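Colleague: I am attaching a structure below and will ask some questions about it afterwards.
The values are calculated or read from the model by the stated rules, or taken from the named source; none is laboratory data. Given the structure is predicted, the values throughout are model-derived calculations rather than measurements. Cβ atoms come from the backbone with ideal geometry, glycine included; neighbour counts cover every protein chain shown.
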Amino acid sequence: MQILQNMEVIAKSTIALLDIGVNPAEVFQIGLKFGTSYNKTGWSTGLTIHTCMINLLPYLDEEDKPRALFHGLSAVANDSAGAPPLFVVQPLPNSTVDFATLKSWFCQFIEVRDSEAAQRCLVSAIRSGANLEQVADMLFSSATDHRYLDIGHTLDFINKALEALDVVGWQAAESVLASLVSDLVSASRMEESNSWRYPVDLVAILKSAFEQLPTVLNAGKSQRGT
């Protein structure tokens, strides 16, 4: 009953906010801030749905926009229900480390599943002036060090977090992107699973294919467009 009442409050509030002319991006930002602050497990399906809904908004009729925002906000609320808050860690103290080094450390800490150290590197990179492209490279590099982290969900989450920043602006980068670290650290790595190793070693096949790709692509350059 309490859950239904909460959903009703979210629905009525969303309709009321849009009726008085509040920008949907502001409503989205409220949900984004809540979801990245009050769920220690970090970015998950709720925030992904929330971002999908704001992306759909330009293509919806006016009467359908409150419904889309409600679905996103309620998904965030369900994910955060009963969860402890996420406290974003501080950057590395007195750090003047260059971006390339921070990226290397970040990937190393993700590799050994050290969430706090990885967050410190990420926040340090953002505060030192790293731009969107650099931080995206940092995140995607660590997410592709292994085969299909969490069956690809980790890549989806990074994509959606970056899309969320397109809506609310880079000033929210620390809290939004820090929420990705927990999943990067805890994600299942497919090459560690028995189903990827037996009865056929898929990882070995992929490794061999990736090693051959540069040569094959180079050989095929002359055939492009034919």
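Colleague: I'd like to know if the range 154-168 contains one or more residues that are over 14 Å from L47 (Cα atoms) and of a type in the set (G, A, S).
Modeller: The answer is no, given that none of the residues of the range 154-168 is over 14 Å from L47 (Cα atoms) and of a type in the set (G, A, S).
Colleague: With in contact with an Asp or Glu (Cβ under 9 Å, 6 or more places away or on another chain), among the hydroxyl-bearing types (S, T, Y) and assigned to a loop (DSSP other than H, G, I, E, B) as the only criterion, which of T48, T41, T96 stands out?
Modeller: So the residue among T48, T41, T96 that is in contact with an Asp or Glu (Cβ under 9 Å, 6 or more places away or on another chain), among the hydroxyl-bearing types (S, T, Y) and assigned to a loop (DSSP other than H, G, I, E, B) is T41.
Colleague: From the residues in the range 18-40 that are out of contact with any Ser or Thr (no Cβ under 6 Å at 6 or more places or on another chain) and modelled with pLDDT under 90, which one is surrounded by the fewest Cβ atoms within 10 Å (Cβ to Cβ)?
Modeller: Among those residues, the one meeting the criterion is G21.
Colleague: Here is a check on your reading of the model: is L73 within 12 Å of F34 (Cβ to Cβ), crowded, with 17+ Cβ neighbours inside 10 Å and outside the structural domain of V123 (by TED's automatic domain parsing)?
Modeller: yes
Colleague: Specify which of the listed residues (D145, D156, D150) is touching a helix residue (DSSP H, G or I) at 6+ places or on another chain (Cβ under 8 Å) and not in a helix (DSSP H, G or I).
Modeller: D145
Colleague: Please verify whether the range 107-114 includes one or more residues that are at pLDDT 95 or above, assigned to a helix (DSSP H, G or I) and farther than 27 Å from N194 by Cβ.
Modeller: Taking every residue of the range 107-114 in turn, none turns out to be at pLDDT 95 or above, assigned to a helix (DSSP H, G or I) and farther than 27 Å from N194 by Cβ.
Colleague: Could you give every pair whose Cβ atoms fall below 6 Å, whose first residue belongs to the range 36-65 and is under 17 Å from L180 (Cα atoms), and whose second residue is part of a helix (DSSP H, G or I) and among the hydroxyl-bearing types (S, T, Y), counting only separations of at least 6 or pairs across chains?
Modeller: T36/S175; Y38/S80; N39/S80; T41/S182; G42/S182
Colleague: Of the residues in the range 168-226, how many are without any contact (Cβ under 8 Å) to a residue 12 or more places away in the chain and assigned to a loop (DSSP other than H, G, I, E, B)?
Modeller: Adding up the residues that qualify gives 10.
Colleague: Could you tell me whether the range 17-26 includes any residue that is outside the structural domain of I158 (by TED's automatic domain parsing), part of a helix (DSSP H, G or I) and under 28 Å from A143 (Cβ atoms)?
Modeller: yes
Colleague: Okay, next question. Of all residues in the range 127-167, count the ones that are without any contact (Cβ under 8 Å) to a residue 12 or more places away in the chain and under 12 Å from the mean Cα position of the chain (by Cα).
Modeller: So the count comes out to 2.
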